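The values are calculated or read from the model by the stated rules, or taken from the named source; none is laboratory data. Keep in mind that what you see is a predicted model, and the values were worked out from it rather than measured. Please note: Cβ atoms are built from the backbone with ideal geometry, for glycine as well, and neighbour counts cover all protein chains shown.
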């Protein structure tokens, strides 16, 4: 079980963090039914903190509770993803425009240094992975905070944040996007440095639109491959 005292926060908060990461990385798969007994044993979490953690995850929209069927991990289907990316493009574009006027020079310098750490990660995996850690190490999160617009922060760094991370994790392992995505981030920082809000917004919107195009194509390829896999399975079983 989790220790009685933890520096990260309450037991429920620690449990929520563990489960959130498991959902974002696919350890707990989309649509999976969440059995409290199994989760408590698997993650060493008490039933009380676990229930509170699941309520927190409902608030983050990572978990959906279905009457008479229990809780399940949310399923990001094409329609939901399309809606989320459309909202993300608009809100993050707006955040970028505002951040160009409100971020301090020191904050922009910190953002540029953050991208150098991201570059090291990409090169360490030979361009295969670009996964941004939560919070201070998240480029998009930092721009949302830099907007100084509390409504945008509440949405992008609060209510929708983990759901957005879940979406972004899917593209983080598209090797064709890792280095281009980093370069796009650098161009955005250049626009912020120049205090060009209009350009910063355009670049961010293009960046997110490109991410949706990539993930949409990936979903199409996954969908097209399913009939082939089913056909092979039937052939192998002799049916």
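Numbers for the structure displayed
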{"item": "Residues satisfying the stated conditions in region 107-135, i.e. surrounded by fewer than 13 Cβ atoms within 10 Å (Cβ to Cβ) and more than 14 Å from the chain's Cα centre (by Cα)", "result": "113, 116, 117, 120, 123, 124, 126, 128"}
{"item": "Sole exception among (1) modelled with pLDDT under 90; (2) in contact with a helix residue (DSSP H, G or I) (Cβ under 9 Å, 6 or more places away or on another chain); (3) loosely packed, with under 15 Cβ neighbours inside 10 Å for residue 165, by number", "result": "(3)"}
{"item": "Any hit, region 61-81, residues being in contact with a helix residue (DSSP H, G or I) (Cβ under 7 Å, 6 or more places away or on another chain), surrounded by 14 or more Cβ atoms within 10 Å (Cβ to Cβ) and at positive phi", "result": "yes"}
{"item": "Residue that is outside any strand (DSSP E or B) and assigned by TED's automatic domain parsing to the domain that holds residue 162, where the choices are 91, 39", "result": "91"}
{"item": "Which listed residue, of 19, 28, 34, 113, is under 24 Å from residue 131 (Cα atoms), free of Cβ contacts under 8 Å to residues at least 60 places away in the same chain and in contact with a strand residue (DSSP E or B) (Cβ under 7 Å, 6 or more places away or on another chain)", "result": "28"}
